[in-house]
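**Student:** There's a structure below that I have some questions on.
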Amino acid sequence: MSTFRVYGMTECKARQLARQATPPKLGEPVADYEERVQERFEKIMDSARQVPLSAAFDAPQYAEQFIQMAKKSGRARDLHIKYPKKVQVMKRKKPVIQTVWQEYMP
């Protein structure tokens, strides 16, 4: 059984990442902190960065429903479905099985 995940960037996730990456400075006014968070948020939304947005789904149609809800909830970009695939790679001259996430094409 495969699992599927939604990757991309939503307004909600970008705000969460901006807050995590922008610690408040000691004695900084709240307005200044919020302005720095907003600047970081805009950088994240304008970048090409994509992150996993959903939990694992057991079928791609559920991931598609998640995408539709994410689009309705605010700004979103590059939303797409990926699935895990095991590939063989060479590490230190030895074959190793590694899991990579590939884009799902229906």
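**Student:** Where is the GNM fluctuation largest for the chain (alpha-carbon springs, 10 angstrom cutoff): A59, A18, A31?
**Tutor:** A31
**Student:** If you average the sequence gap of Cα pairs under 8 Å that are 6 or more apart and divide by the length of the stretch 5-103, what percent do you get for the contact order?
**Tutor:** The normalised contact order for the stretch 5-103 reaches 37 percent.
**Student:** Okay, next question. Exceeding 24 Å between C-alpha atoms, which entries from my cross-link table qualify? They are K13/K91; K13/K86; K43/K72; K43/K71. Spell out each step's value before the answer.
**Tutor:** Working: K13/K91 33 Å; K13/K86 28 Å; K43/K72 22 Å; K43/K71 20 Å.
Violating the 24 Å limit, Cα to Cα: K13/K91; K13/K86.
**Student:** Mark the label point 7 Å from the Cα of A56 along Cα→Cβ and return the residues of the stretch 1-41 whose backbone N is within less than 15 Å of it.
**Tutor:** It comes to 1-6, nothing else.
**Student:** If the cut-off is a Cα-Cα distance under 21 Å, which lysines reach K85, setting aside same-chain residues fewer than 8 apart in sequence?
**Tutor:** K94
**Student:** Here's a follow-up. Can you tell me the FRET efficiency between K43 and T3 if r is taken as the Cβ-Cβ distance and R0 is 30 Å, rounded to the nearest 0.05?
**Tutor:** E(calc), rounded to 0.05, equals 0.45.
**Student:** Answer with a single label: of [x] 17.8, 54; [y] 14.8, 53; [z] 13.7, 40, which was calculated as Rg and Dmax of the Cα atoms in Å from the structure in view?
**Tutor:** The value computed from this structure is option [x].
**Student:** Something else: Between the alpha-carbon centers of the stretch 1-29 and the stretch 68-84, tell me the distance in whole angstrom.
**Tutor:** 15 Å
**Student:** If the chain between Q102 and D32 were fully stretched, how many nm would it gain, using 0.36 nm times the residue separation less the Cα-Cα distance? Don't skip to the end; give the middle numbers.
**Tutor:** On the way: separation 70, 0.36 × 70 = 25.20 nm, distance 4.03 nm.
Roughly 21.2 nm would be gained on extension.
Bear in mind that the values in this text are calculations on the coordinates, not laboratory data. Just so we're clear, the structure is a prediction, and the values are computed from it rather than from any experiment. Because the Cβ atoms are built from the backbone with ideal geometry, glycine has one as well, and the counts that use them run over all protein chains shown.
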